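> I'd like to ask some things about the structure below.
The values are calculated or read from the model by the stated rules, or taken from the named source; none is laboratory data. This is a predicted model, so every value here is computed, not measured. Cβ placement follows ideal geometry from the backbone for every residue including glycine, while neighbour counts extend to all protein chains displayed.
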Amino acid sequence: MIVYDHEIISLGSRGSLNVDRAIAEFRSGRPVLLRDNNRLVLTLSAELADEALVRGLNVLARGAGHLVLSAARLRRLGAKGRGESGAFVLPAIDLDRIETLALKIDARVDAPIAPASPHDEAALELARLSLVLPAVIVVPVTEADIASEPLVEVALAAINGYRAEQAASLRIAGRAPVPLEGAPETEFVVFRGGEGLRDQVAIVVGRPDLDSAVPVRLHSACLTGDLFGSLKCDCGDQLRETVRWMAENRGGILLYLDQEGRGNGISNKMRAYRLQSRGWDTYDADEVLGFDLDQRHFDFAATMLKHLGVSRIVALTNNPQKIGAIEAAGIEVAASQRVLGRPNVHNVRYLASKRDRAGHFIDMKALSGIFPA
């Protein structure tokens with residue numbers, strides 16, 4: 001362990017460290033070895049596979065390799081009503097077929113879909129943690145097959161328990177006053193951990209009363225909206241309006257969470273934006289890429305609040321999922337309050353989709369009256 005400014009930062013368990021290493025390997029397009037008891041498989045990101053790797057995998061696979069896809073992607077391929085991930089057998093690991101099934105917009109199911117095994121599910125979870133598409137190649141191997149290969153190995157249990165362990169081990173890494181325009185009395189508190197080697201930030205505005213319900217917003221990072229003022233969403237408006245409101249109303253806490261693109265990552269967010277530019281709804285675009293409505297988790301946000309001495313909040317959000325998640329993680333939600341953004345010709349469909357498909361509390365008529373397009 002390391003002591004920093006009187007805070008203790010844990011280096012984590014060996015299983016967690018192995019997952020960290022596996023994430024780095026997976027994002028680099030290298031195969032990772034998954035172990036559960038005596039069963040071993042190699043897994044590789046389908047989108048990052050190249051010809052040289054595939055040639056080697058074909059030798060190891062001996063016709064037993066398979067492509068694992070999420071339930072969302074399978075539904076887009078024509079497996080209507082599919083609620084579970086599944087696998088396509090790969091008699092040969094064919095990159096063209098893999099690309100078609102995993103990435104092509106107009107692709108359809110071309111073979112029977114087998115149920116996903118625990119190893120398959122762990123491989124998909126590794127892909128999600130690595131912020132690549134949830135499409136993986138899985139090849140069963142033996143100890144003899146990989147004896148001479150310098151592979152990162154990780155246990156299924158470590159992958160499946162990684163998010164919870166990261167949330168439990170979250171610690172403050174540093175904090176400092178950072179005066180903001182319109183909110184000069186503001187402190188930034190940086191937490192080490194959360195998910196996938198990413199730091200998280202709590203912005204404490206003013207002097208919130210910790211003995212009362214503290215106004216809190218869980219704000220997922222949005223590079224395009226928060227920093228560049230994108231008109232495609234309402235994120236930047238919500239961020240700045242929240243800080244302004246807290247400064248004028250005795251303070252509060254904004255948790256700035258590294259969950260770009262509803263937890264899918266910036267590269268997948270841009271892929272979804274590309275599809276939206278061609279007419280797809282925001283959630284349909286994510287489903288084409290293999291993602292469900294929302295990939296985010298908020299248990300580590302509750303841990304951040306507990307470290308700050310907060311046990312009871314007023315949730316500043318339009319998203320009922322956030323309220324339910326924070327309550328499930330042990331934080332009392334005494335009340336909730338809407339956070340309005342400005343509708344415009346570029347984001348009105350996005351706002352309506354959040355209302356109609358994800359149940360967000362958005363009154364489009366009221367918004368239009370307050371903020372004319």
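> Are any residues in the range 70-97 under 24 Å from G56 (Cα atoms) and among the basic types (K, R), and if so, which ones?
R97
> For the range 272-301, name all the residues that are surrounded by fewer than 19 Cβ atoms within 10 Å (Cβ to Cβ) and on the phi > 0 side of the Ramachandran plot.
G279
> Taking V132 as the residue in question, decide whether it is touching a Ser or Thr at 6+ places or on another chain (Cβ under 8 Å), under 22 Å from A46 (Cα atoms) and either surrounded by 16 or more Cβ atoms within 10 Å (Cβ to Cβ) or not assigned by TED's automatic domain parsing to the domain that holds A116 (or both).
It is true that V132 is touching a Ser or Thr at 6+ places or on another chain (Cβ under 8 Å), under 22 Å from A46 (Cα atoms) and either surrounded by 16 or more Cβ atoms within 10 Å (Cβ to Cβ) or not assigned by TED's automatic domain parsing to the domain that holds A116 (or both).
> From the residues in the range 139-148 that are out of contact with any helix residue (DSSP H, G or I) (no Cβ under 7 Å at 6 or more places or on another chain) and in contact (Cβ under 8 Å) with a residue 12 or more places away in the chain, which one is nearest to F88 (Cα to Cα)?
Applying the filter and picking the extreme gives P140.
> Within the range 104-138, track down each residue that is of a type in the set (D, E, K, R) and in contact (Cβ under 8 Å) with a residue 24 or more places away in the chain.
In the first step, residues of the range 104-138 are kept if they are of a type in the set (D, E, K, R); the result is 104, 106, 108, 110, 120-121, 125, 128.
The answer is R108, D120, E121, E125, R128.
> Being under 22 Å from G263 (Cα atoms) and out of contact with any helix residue (DSSP H, G or I) (no Cβ under 6 Å at 6 or more places or on another chain) is the filter here, so list the residues in the range 298-315 that pass it.
Here is the first cut: in the range 298-315, the residues under 22 Å from G263 (Cα atoms) are 298-305, 315.
A301, M304, L305 - these are the residues of the range 298-315 that are under 22 Å from G263 (Cα atoms) and out of contact with any helix residue (DSSP H, G or I) (no Cβ under 6 Å at 6 or more places or on another chain).
> Hey, does the range 200-212 have a residue that's under 24 Å from V32 (Cα atoms) and of a type outside the set (D, E, K, R)?
No; the residues of the range 200-212 include none that is under 24 Å from V32 (Cα atoms) and of a type outside the set (D, E, K, R).
> Also, quick follow-up: For L255, indicate whether it is surrounded by 17 or more Cβ atoms within 10 Å (Cβ to Cβ) and not polar (S, T, N, Q). Before the answer, list the steps.
Numbers: surrounded by 17 or more Cβ atoms within 10 Å (Cβ to Cβ): yes; not polar (S, T, N, Q): yes.
For L255, the condition - surrounded by 17 or more Cβ atoms within 10 Å (Cβ to Cβ) and not polar (S, T, N, Q) - is met.
> Let me ask something else about it. Taking the range 51-62 only, how many residues are touching a residue at least 40 places away in the same chain (Cβ under 8 Å) and either surrounded by fewer than 16 Cβ atoms within 10 Å (Cβ to Cβ) or touching a helix residue (DSSP H, G or I) at 6+ places or on another chain (Cβ under 7 Å) (or both)?
Of the residues in the range 51-62, 2 are touching a residue at least 40 places away in the same chain (Cβ under 8 Å) and either surrounded by fewer than 16 Cβ atoms within 10 Å (Cβ to Cβ) or touching a helix residue (DSSP H, G or I) at 6+ places or on another chain (Cβ under 7 Å) (or both).
> Also: Is there a residue in the range 181-189 that is crowded, with 16+ Cβ neighbours inside 10 Å, of a type in the set (S, T, Y) and at pLDDT 95 or above?
yes
> Can you pull out the residues in the range 140-155 that are buried (at least 21 other Cβ atoms within 10 Å of the Cβ) and within 26 Å of the chain's Cα centre (by Cα)? Talk me through it step by step, then tell me what you get.
So the first thing to find is which residues in the range 140-155 are buried (at least 21 other Cβ atoms within 10 Å of the Cβ), and the list is 141, 154.
Passing the criteria: only V154.
> Also, quick follow-up: What are the residues in the range 38-72 that are under 17 Å from T100 (Cβ atoms) and of a type in the set (D, E, K, R), if any?
The answer is E47, D50, E51.
> (1) of a type outside the set (K, R); (2) within 17 Å of the chain's Cα centre (by Cα); (3) part of a helix (DSSP H, G or I): which one isn't true of Q238, the others all being true?
(2)
> Could you check, for the range 66-83, whether at least one of its residues is touching a Pro at 6+ places or on another chain (Cβ under 8 Å), modelled with pLDDT of 95 or more and closer than 30 Å to A144 by Cα?
Looking through the range 66-83, at least one residue is touching a Pro at 6+ places or on another chain (Cβ under 8 Å), modelled with pLDDT of 95 or more and closer than 30 Å to A144 by Cα.
> Which of the residues spanning the range 186-228 are free of Cβ contacts under 8 Å to residues at least 24 places away in the same chain, within 25 Å of N249 (Cα to Cα) and not in a strand (DSSP E or B)?
Scanning the range 186-228 gives D211, G225, D226, L227.
> When you scan the range 302-317, do you find a residue that is under 19 Å from T282 (Cα atoms) and surrounded by fewer than 20 Cβ atoms within 10 Å (Cβ to Cβ), even just one?
Looking through the range 302-317, none of the residues is under 19 Å from T282 (Cα atoms) and surrounded by fewer than 20 Cβ atoms within 10 Å (Cβ to Cβ).
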